[in-house]
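The structure under discussion appears below in the form of structure tokens.
Rule-based calculations on the coordinates, nothing more; no lab input. Predicted, not measured: the structure shown is a model, and the values here were computed from it. Note: ideal-geometry Cβ built from the backbone for every residue, glycine included; neighbour counts use all protein chains shown.
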Amino acid sequence: MNLLAEVKEGLSISWEAIRANKMRSALTTLGIVIGVVTVTLMGTAIQGLDRAFLDNISAIGADILYVERFEWFTGSREDWLRMQKRPRITLEQAEQLEGQLTMSRAVAPVASRDRPVRYGRAESASVRIIGSTEQYQYTGGISIAKGRFFSEQEARGGRPVCVIGSEVAENLFRDEPPVGRRIRIDQQSFEIIGVLEKQGSLLGLISLDNQIIVPLPQFTAYFRNNPDVTIQVKVIAVDQIEEAKEELRAVMRRIRGLAPAEPDDFGINQQDQFVQIFHRLGGTIAAIGLFITALSLFVGGIGIMNIMFVSVAERTREIGIRKAVGAKRRTILLQFLIEAACICLLGGCLALAIAWPLTLVMQRFMPAALSPPIVLIALMVSLITGVISGFLPAWRAARMNPVDALRNE
Amino acid sequence: MSLIRLKRISRRYQMGAETIHALREVSLEIERGEYVAIMGPSGSGKSTLMNVIGCLDTPTSGEYELNNTLVSEMDDNELAEIRNKEIGFIFQTFNLLPRSDALRNVELPLIYAGVPAEERRRIALDALASVGLADRIHHKPNEMSGGQRQRVAVARALVNKPSILLADEPTGNLDSKTGAEIMALFSQLSNQGHTIIVVTHEEDIAKHARRILRIRDGLIASDERHEGARPATVPPASVP
């Protein structure tokens, strides 16, 4: 008897057995249902969290290096205090840097300060004013919705022009088109030459739309004359970001006049740091989730094993009959394994039917969706649970002595 | 050469500290086409003998050759195959699968023999028709009378064209009239050339056989051949 025929026979026998014990099968599979619902929801949540996070940090380009006085993530309070003593990064240093880098496409010094902004009678009490050069349009992760960004000439000084974020535009100009109007930033008058596309926020904390970009000379003249600068560097190729970073570090050390033994007195930050931190966090969440899931599946599996033992004991005589007319050990083993697997697979399908609407609810909080790989994983997990927990009872059935089995009442 | 050759077969069981000698060096030959009754009181070892002959049980010592194959040394799976091909069982309690209809019960040995579905169905229908149950194929065991159930069991036993029909108290759960019908069916099968071994403790049933083996305390006490014994009815072609 070939394997295919045995599987087919096993399937029809298990279907009969499950149908004959509907209530019992349903109760048994409940454990698996709960386990697989957990698997599915956990997987969906982790995927959703991942996607939400990546959406949230998309403003920090993957190909941008941020040279700053501080590192984004510090190990300890001591590190933090030491960093406080670091000298500022100046505009001159930024200019020198720009001339010496070979692996970068754009270099933009960025300084910022929160200032009140007025247009006629409308006022925003606190808007992030960013001073930078025309290079900022390549490094800042922004795109222009209306108008244009300022040119190199404008960036060097001269006319007071600005580009405003979408939130600023909404707050100050209800229906009017902002381009060409003049607003007052902290008493100074600026002409709006462009409006940015809506960007959202960084990690849901900092609005990226409540900002105004002005040329650096204007920024230093009116808002802060000796600012601590962040230098945004866009690398030519994202797969060479590590090399670009090394070059950047070497040049920066030279500019800052550091002796070879001295540690860096500046930080080079990048999106990757966020991603790493997140993955560490995500790994923990996944590990806890996996543990809970494994636990509930384990409990479910024990339920299956238990009921399969009962099923084998009940059908001892049937096993005897089958063996008497020629069923081999493998055939009997397969029959009960298939039965356990079928119960679990039914549980898995049921679990997916329950989990699906729940993921729709989850969608309100995160970009989660029941993806085909998760469905596949859920079904595989239920199948494997069935096979593992069904094995011992099936093995007992397969090894039964036909004489004893037939004598069983 | 004999169909069944037992050479000094012993079977011992361990029951706690006690060893039970169910069979003590039994030697026996049964030819193809014979109709044999094995008799004996309970505990005599007749069931053990039947289990050994039926390849359900393996002897502790001794040699058993069935159809020129040494089966006493075989493992579980090989024995399953021998049972499937060579032996048709008929039990006192019928031993049909309760959830399956007559047709499926009769098909069972064919399923394990790997016979394709259509052919299986055809052979099983033939077998059911030959025991007079062509109109009951979709009845489940609990929808049939005892006699009908035992006929289904006979059909199942015959369906793989086995060398031996092995019946263990086949009338034990039937009223005398139905029992007589089953025994008539056995006589008919014997006349067709089937080798039949019936285990029983009823003289009336044993009378139908042409050879009676009496077992006592794990030994063959007597081996008598009836005057009706007709070795000539054995089809010469089937004698190896």
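Using +1 on the beta carbon of Lys and Arg, -1 on that of Asp and Glu, and nothing else charged, what's the dipole of chain B about the Cα centre, debye to 20?
Dipole magnitude for chain B comes out near 300 debye.
Can you compute 3J(HN,Hα) from phi for each residue in the range A:288-304, using the Karplus curve 6.51 cos²θ - 1.76 cosθ + 1.60 with θ = phi - 60°, rounded to whole Hz and x for Gly and Pro?
5, x, 4, 4, 4, 4, 4, 4, 5, 5, 4, 4, x, x, 5, x, 4
From the phi angles alone, apply the Karplus equation (6.51, -1.76, 1.60; θ = phi - 60°) to the range A:382-387 and give each ³J(HN,Hα) in whole Hz, x where the residue is Gly or Pro.
5, 4, 5, 4, x, 5
Specify the angular offset, from 0 to 90 degrees and rounded to the nearest 10, of the alpha carbon long axis of helix A:22-56 from the longest principal axis of the alpha carbons in chain A.
The two axes meet at around 10 degrees.
How big is the charge dipole of the protein assembly as shown about its Cα centre, in debye rounded to the nearest 20, if each Lys and Arg gets +1 on its Cβ and each Asp and Glu gets -1 on its Cβ?
760 debye
Report, in degrees rounded to the nearest 10, the 0 to 90 angle that the Cα long axis of helix A:91-100 makes with the longest principal axis of chain A.
Helix A:91-100 and the main axis of chain A meet at about 70 degrees.
List the chymotrypsin sites (Phe, Trp or Tyr not before Pro) within the range A:309-402 that fall in a DSSP loop (any state other than H, G, I, E or B) and whose Cβ has at most 14 other Cβ atoms within 10 Å.
Details: sites: A:Phe309, A:Phe336, A:Phe365, A:Phe391, A:Trp395; in loops: A:Phe365.
Loop-located and lightly packed - A:Phe365.
Which of rounded, prolate or oblate describes chain A when judged by the alpha-carbon gyration tensor and an a/c cut-off of 1.5?
Note, shape of chain A comes out prolate.
Averaged over its residues, how many other protein chain Cβ atoms are within 10 Å of peptide A:395-406's Cβ atoms?
3
Apply the Karplus parameterisation 6.51 cos²θ - 1.76 cosθ + 1.60, with θ equal to phi minus 60°, to every residue of the range A:266-282 and state each ³J(HN,Hα) to the nearest whole Hz, in sequence, with x for glycine and proline.
For the range A:266-282, the Karplus-derived couplings read 8, x, 10, 9, 8, 4, 3, 4, 4, 4, 5, 4, 5, 5, 5, 5, x Hz, x marking Gly and Pro.
Under the classification rounded if a/c is under 1.5, otherwise prolate if a/b is larger than b/c and oblate if not, where does the range B:139-197 fall, given a ≥ b ≥ c as square roots of the Cα gyration tensor eigenvalues?
oblate
Suppose every K and R has +1 on its Cβ and every D and E has -1 on its Cβ; what is the size of the dipole of the range A:87-265 about the Cα centre, in Debye to the nearest 20?
I would put it at about 620 debye.
For chain A, take the longest principal axis of its alpha carbons; what is the angle in degrees between that and the long axis of helix A:241-256, to the nearest 10 within 0 to 90?
On a 0 to 90 degree scale, this one is about 30.
Scan the range A:303-409 for trypsin sites (Lys or Arg not before Pro) in coil per DSSP, keeping those whose Cβ has at most 12 other Cβ atoms within 10 Å, and list them by number.
Filter output for the range A:303-409: A:Arg364, A:Arg399.
Name the residue farthest towards the positive end of the dipole of the range A:87-265 from the options A:Pro263, A:Met103, A:Gln137, assuming +1 on Cβ of Lys and Arg, -1 on Cβ of Asp and Glu, about the Cα centre.
About the Cα centre, the residue reaching furthest to the positive side is A:Gln137.
Hey, could you get me the Stokes-Einstein D for the range A:87-265, Kirkwood radius over alpha-carbon pairs, 37 °C and 0.692 mPa s, rounded to whole µm² s⁻¹?
Working: Rh = 17.2 Å.
Once the numbers are plugged in, D ends up at 191 µm²/s.
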